[in-house]
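Novice: This is the structure I have questions about; it appears just below.
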Amino acid sequence: MKFGKQLKQTVEESLPEWRPNFMDYKDLKKKINGEIAGDDVEGNSDSSAEGFVRSSSDGLNTAQFLEALRAEVEKVNNFFLDMEEDFIIRCQLLASRVDDLKKDESVDRQRVQDLGRKLIDFQSELVLLESFSVINYTGFRKILKKHDKKSGLDLRNTFLLAVLDT
């Protein structure tokens, strides 16, 4: 299965409130295809993003692609950080509830089952967030590989390392 279709399927299967926060692989791919067709490279030959400007009949260029890519990375990263913060708070709350139940000598079965369900739901959401992270990272890696292949530049490693350092 092509990655674009796999991403689309993953987005459709995700929680509705998470859907707008996945990367827009299709749009970035369109920018590459419009950017590369019939254009000339200007700039130095150090294979970095700096100094290269690709112009096409659409007026698209590498700088515009990178700007769109950075916006997508920022969107995905902001969502991930918001969810991570929310999960840390929820984890502390659940841990507190577990401690309270351990201390309570008159624990009823219903309270234990309710907490168990909440812990299972929490774990499921953590797995979803991990999947969100992996599929988006894969998308960024693939879109950069596609860009590098069509443009002859070598942005993938430099860009991904810079993103991971932030």
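The values are calculated or read from the model by the stated rules, or taken from the named source; none is laboratory data. Quick caveat, the model's predicted, so the values are computed rather than measured. As a convention, Cβ positions derive from the backbone with ideal geometry for all residues, glycine included, and neighbour counts pool all protein chains shown. Accessible surface areas use protein heavy atoms only, side chains included; no ligands, DNA or RNA. Shrake-Rupley method; radii C 1.70, N 1.55, O 1.52, S 1.80 Å.
Novice: Is it true that some residue in the range 126-134 is free of Cβ contacts under 8 Å to residues at least 40 places away in the same chain and small (Gly, Ala, Ser)?
Specialist: Residues of the range 126-134 free of Cβ contacts under 8 Å to residues at least 40 places away in the same chain: 126-127, 130, 134.
Subsequent filtering for residues that are small (Gly, Ala, Ser) retains none.
No, the range 126-134 contains no residue that is free of Cβ contacts under 8 Å to residues at least 40 places away in the same chain and small (Gly, Ala, Ser).
Novice: Please work out if Arg111 is open to solvent by 80 Å² or more (accessible area, probe 1.4 Å), within 30 Å of Pro16 (Cβ to Cβ) and assigned to a helix (DSSP H, G or I). Walk me through how you get there before you give the answer.
Specialist: On the way: open to solvent by 80 Å² or more (accessible area, probe 1.4 Å): yes; within 30 Å of Pro16 (Cβ to Cβ): no; assigned to a helix (DSSP H, G or I): yes.
It is false that Arg111 is open to solvent by 80 Å² or more (accessible area, probe 1.4 Å), within 30 Å of Pro16 (Cβ to Cβ) and assigned to a helix (DSSP H, G or I).
Novice: Could you figure out which of (1) in contact with a helix residue (DSSP H, G or I) (Cβ under 8 Å, 6 or more places away or on another chain); (2) open to solvent by less than 60 Å² (accessible area, probe 1.4 Å) isn't true of Leu119?
Specialist: (2)
Novice: Inspect all residues belonging to the range 20-40 and state whether any of them is among the acidic types (Asp, Glu), open to solvent by 40 Å² or more (accessible area, probe 1.4 Å), modelled with pLDDT under 95 and part of a helix (DSSP H, G or I). Before the answer, list the steps.
Specialist: The initial filter retains those residues of the range 20-40 that are among the acidic types (Asp, Glu), namely 24, 27, 35, 39-40.
Of the ones still in play, those that are also open to solvent by 40 Å² or more (accessible area, probe 1.4 Å) are 24, 27, 40.
Next, only the ones that are modelled with pLDDT under 95 stay: 27, 40.
Imposing the further condition that a residue be part of a helix (DSSP H, G or I) reduces the set to 27.
Checked against the condition, which is being among the acidic types (Asp, Glu), open to solvent by 40 Å² or more (accessible area, probe 1.4 Å), modelled with pLDDT under 95 and part of a helix (DSSP H, G or I), the range 20-40 yields at least one hit.
Novice: Does Ser151 fit the bill of being small (Gly, Ala, Ser), farther than 20 Å from Met23 by Cα and modelled with pLDDT under 90?
Specialist: Values: small (Gly, Ala, Ser): yes; farther than 20 Å from Met23 by Cα: yes; modelled with pLDDT under 90: yes.
So Ser151 fits the description; yes.
Novice: All but one of (1) open to solvent by 70 Å² or more (accessible area, probe 1.4 Å); (2) over 19 Å from Met23 (Cβ atoms); (3) out of contact with any helix residue (DSSP H, G or I) (no Cβ under 9 Å at 6 or more places or on another chain) hold for Glu74; which doesn't?
Specialist: Single failed check for Glu74: (2).
Novice: Another question, then. From the list Asp148, Asp154, which residue is among the acidic types (Asp, Glu), touching a residue at least 60 places away in the same chain (Cβ under 8 Å) and either open to solvent by 70 Å² or more (accessible area, probe 1.4 Å) or closer than 29 Å to Gly4 by Cβ (or both)?
Specialist: On the way: Asp148 fails: touching a residue at least 60 places away in the same chain (Cβ under 8 Å).
Only one candidate passes the filter, namely Asp154.
Novice: All but one of (1) open to solvent by less than 30 Å² (accessible area, probe 1.4 Å); (2) touching a residue at least 40 places away in the same chain (Cβ under 8 Å); (3) over 18 Å from Met23 (Cα atoms) hold for Phe140; state the number of the condition that does not hold.
Specialist: Of the numbered conditions (1) open to solvent by less than 30 Å² (accessible area, probe 1.4 Å); (2) touching a residue at least 40 places away in the same chain (Cβ under 8 Å); (3) over 18 Å from Met23 (Cα atoms), the odd one out for Phe140 is (3).
Novice: Identify, by number, the condition in (1) touching a Lys or Arg at 6+ places or on another chain (Cβ under 7 Å); (2) closer than 22 Å to Asn21 by Cα that Leu101 doesn't meet.
Specialist: That leaves (2) as the condition not met.
Novice: If you don't mind, another one. Consider Thr166 against the criteria (1) among the hydroxyl-bearing types (Ser, Thr, Tyr); (2) within 25 Å of Thr10 (Cβ to Cβ); (3) open to solvent by 70 Å² or more (accessible area, probe 1.4 Å); (4) modelled with pLDDT of 85 or more: it satisfies all of them except one. Which criterion is unmet?
Specialist: Just one mismatch for Thr166, condition (4).
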